[in-house]
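Peer 1: Sharing a structure, written as structure tokens. Questions coming.
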Amino acid sequence: MAKRKCIPVAVYGATGYVGAELLRLLAAHPVFAVRFVAARQARGRMLAEELPPLGAWAEGLRIQGVEEAPPEEVALAFLALPHGASAAIAARLYARGVRIVDLSADFRHPDAKEYARTYEASHPHPELLAEAVYGLAEHARKALAAARLIANPGCYPTATLLALVPLLRAGVLDPARIVVDAKSGVSGAGRAAKRELGFSEVNESLRAYGLPRHRHQVEMETQAGLLAGVRPQLRFVPHLVPMTRGMLVTIHAEGDVRRWHGVLTSAYRGCPFVRVLEEGRLPATKHVLGTNRCDIGVVPLGAHTGVIVSVIDNLGKGAAGQAVQNANIAFGLAETTGLSSQALWP
Ligand SMILES: NC(=O)c1ccc[n+]([C@@H]2O[C@H](COP(=O)([O-])OP(=O)(O)OC[C@H]3O[C@@H](n4cnc5c(N)ncnc54)[C@H](OP(=O)(O)O)[C@@H]3O)[C@@H](O)[C@H]2O)c1
């Protein structure tokens, strides 16, 4: 069989948690070949020194500044940068014809006014919003195949929407009575030093944050509306838990609970990364650690009430894993390419 030609790629924000996870996945990818890595403070330093977990694979790669242009041959760029900083770089690369997977929130809101309200800043490139495909991969395969700019979903939205979208679409869940009780590991907040994220403050402690209206709530309501045709009202409460990575979302809802398991099972039949557990079985974050998987458990509680529990690795299916899955689809590769690893356990 003829060997497939490499596709040269760039990773921006390479020294952050998401950037590092992207590089870990790309190091084992048979088609995407990393040719350019960029960050801000580590500009000019060697990647192997900045990220020892990447081992010898990273030797020879020097970190460039985010304002620098990647080599001409680069056909795909992953942007693992903070929102606000990402859009300007995306616009420059887009104009050059580079395909982009943006992991920030900059292209997840189709409406510039909603973005401005949510992120308290006007959108730097509103003209590109209509070009972006929201990359909840299992629900966007067709649009992704032609996408030049992919907005990779947030981590809470990924875990929540994979559970909610099929049920809302099938009309078996009351869109006005949904509580999303969510927990994230600390890597969800990124690598930049923040006092309240230090070991002594996070370890052996549990806290809610982001109330009354976390930014991901707007993303979830908007995208559920677009994907399912019904805009739900969510009561969303995120929590920080003392673990490094992993995310668990417990959805309390009402509706035709006896149909939930069947609807979810048929929605994800043939989807390699979403597993609907046997009814009554519950998932755990450790079962998806380091993978691109989402495990979903469904438990009816009464005649009309039940819970759905969804778990992902926030850096895997919640960020870098789904970004590679989306890029695979956009470049016509099997969506599992480079993503076959099972969970790290125990
Ligand atoms: N962490 C998660 O679980 C997760 C999940 C889904 C989506 N995301 C999104 O993915 C993006 C990256 O998140 P992360 O957790 O990897 O963050 P992070 O660990 O803080 O890394 C951010 C990266 O961007 C660079 N950077 C920071 N500020 C910059 C600026 N103003 N201009 C250019 N580069 C800048 C950093 O370089 P320096 O260190 O040199 O400044 C670093 O390489 C964010 O938009 C985040 O919301 C994160």
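Since every read-out is calculated from the coordinates, none of them should be taken as a lab result. Here the structure is a predicted model, which means the values were calculated and not measured. Every residue, glycine among them, receives a Cβ derived from its backbone with ideal geometry; neighbour counts consider all protein chains shown.
Peer 1: Compare the Cα positions of L315, Y209, L197 along the charge dipole of the chain (+1 at Cβ of Lys, Arg; -1 at Cβ of Asp, Glu; about the Cα centre) and return the one farthest towards the positive end.
Peer 2: L315
Peer 1: Measure off 7 Å from each Cα along the Cα-to-Cβ vector at R213 and D111, then give the distance between these two points in nanometres to one decimal.
Peer 2: That separation, rounded to one decimal, is 1.1 nm.
Peer 1: Report the relative contact order of the stretch 156-314, percent, no decimals, based on alpha-carbon pairs under 8 angstrom and at least 6 residues apart.
Peer 2: 30 percent
Peer 1: Turning to a different aspect of this structure: In the chain, what percentage of the DSSP-assigned beta bridges are antiparallel, given to the nearest 5? The partial results should precede the final answer.
Peer 2: Numbers: 25 of 58 bridges.
Restricted to the chain, the bridges split so that about 45 percent are antiparallel.
Peer 1: For q values of 0.08, 0.12, 0.13, 0.15 Å⁻¹, compute log₁₀ I(q)/I(0) with the Debye formula on a Cα-only model of the chain, without solvent.
Peer 2: Debye curve over Cα of the chain, log10 I(q)/I(0) at q = 0.08, 0.12, 0.13, 0.15 Å⁻¹: -0.36, -0.84, -0.99, -1.33.
Peer 1: Compute a Gaussian network model of the chain, connecting alpha carbons closer than 10 Å, and tell me which residue from L197, L129, L289 fluctuates the most.
Peer 2: In the Gaussian network model the winner is L197.
Peer 1: Calculate for the chain the 222 nm mean residue ellipticity that helices alone would give, adding -39,500 (n - 2.57) per DSSP H run of length 4 or more and normalising by residue count, nearest 500 deg cm²/dmol. If you can, show how the numbers build up before the last one.
Peer 2: Working: 10 runs with 91 residues, N = 346.
That calculation yields -7500 deg cm²/dmol at 222 nm.
Peer 1: Can I ask one more? Under 8 Å for C-alpha pairs, at least 6 residues apart: give me the relative contact order for the stretch 1-154, rounded to a whole percent.
Peer 2: The normalised contact order for the stretch 1-154 reaches 19 percent.
Peer 1: Express the Stokes-Einstein translational diffusion coefficient of the stretch 221-346 in µm² s⁻¹, to the nearest whole number, given a Kirkwood radius over alpha-carbon pairs, 4 °C and a viscosity of 1.567 mPa s. Please report the intermediate quantities before stating the final value.
Peer 2: Values: Rh = 15.8 Å.
Reported coefficient: 82 µm²/s.
Peer 1: With +1 on the Cβ of every Lys and Arg and -1 on the Cβ of every Asp and Glu, and nothing else charged, how large is the dipole of the stretch 143-290 about its Cα centre, in debye rounded to the nearest 20?
Peer 2: Numbers: 19 positive and 11 negative charges, 65 e Å.
The dipole magnitude comes to about 320 debye.
Peer 1: Given a cut-off of 20 Å, what percent of all Cα-Cα pairs of the stretch 156-314 lie beyond it?
Peer 2: On the way: 6065 of 12561 pairs.
Here the tail beyond 20 Å accounts for 48 percent of pairs.
Peer 1: How far is it, in nm, from the label point at Q41 to the one at A189 when both lie 7 Å from their Cα along the line to the Cβ?
Peer 2: Computed distance between label sites Q41 and A189 equals 1.6 nm.
Peer 1: Another question, then. Relative to a virtual label point 7 Å from the Cα of E120 in the Cα→beta-carbon direction, which members of the stretch 67-99 show backbone nitrogen distances below 19 Å?
Peer 2: Label zone hits: 82-86.
Peer 1: As an exercise, use a Förster radius of 45 Å and the Cβ-Cβ distance of K5 and R258 to find the FRET efficiency, rounded to the nearest 0.05.
Peer 2: Values: r = 51 Å, r/R0 = 1.12.
Once the sixth-power term is evaluated, E becomes 0.35.
Peer 1: Roughly speaking, what is the stretch gain from R62 to R96, that is 0.36 nm per residue apart minus the C-alpha to C-alpha distance, in nm to one decimal? Don't skip to the answer; put the middle values down first.
Peer 2: Details: separation 34, 0.36 × 34 = 12.24 nm, distance 2.26 nm.
Result: 10.0 nm gained on full extension.
Peer 1: Using Cα-Cα distances under 8 Å and only pairs 6 or more residues apart, what relative contact order does the chain have, in percent?
Peer 2: Working: 760 pairs, mean separation 57.1, N = 346.
Result for the chain is 17 percent.
Peer 1: With everything on Cα atoms, drop me the angle between helix 85-95 and the longest principal axis of the chain, reported from 0 to 90° to the nearest 10.
Peer 2: 70 degrees
Peer 1: Within 15 Å, Cβ to Cβ, of H214, how many net charges do the neighbouring residues add up to if Lys/Arg are +1 and Asp/Glu are -1? Could you put the intermediate results ahead of the total?
Peer 2: Working: positive: R108, R117, K183, R207, R213, R215, R235; negative: E114, E120, D181, E219, E221.
Residues near H214 contribute +2 overall.
Peer 1: Helix 215-228 versus the longest principal axis of the chain: what angle, 0 to 90°, nearest 10, using Cα atoms?
Peer 2: It works out to around 70 degrees.
Peer 1: Could you calculate the contour length gain from S266 to E131, that is, 0.36 nm times the residue separation minus the distance between their Cα atoms, to one decimal place in nm? Write down the numbers at each step before the final one.
Peer 2: Working: separation 135, 0.36 × 135 = 48.60 nm, distance 3.04 nm.
In short, 45.6 nm is gained.
Peer 1: Something else now. Would you please put 148-156, 75-83, 313-321 in order of how densely packed they are, using the mean number of other Cβ atoms within 10 angstrom per residue and starting with the highest?
Peer 2: Details: 148-156: 26.8, 75-83: 23.2, 313-321: 29.1.
Final packing ranking: 313-321, 148-156, 75-83.
Peer 1: Which peptide among 119-128, 7-16 comes first, and what is the full order, when sorted by highest mean count of other Cβ atoms within 10 Å? Intermediate results must be reported in sequence, preceding the final value.
Peer 2: Details: 119-128: 14.4, 7-16: 24.6.
For the peptides 119-128, 7-16, the packing ranking is 7-16, 119-128.
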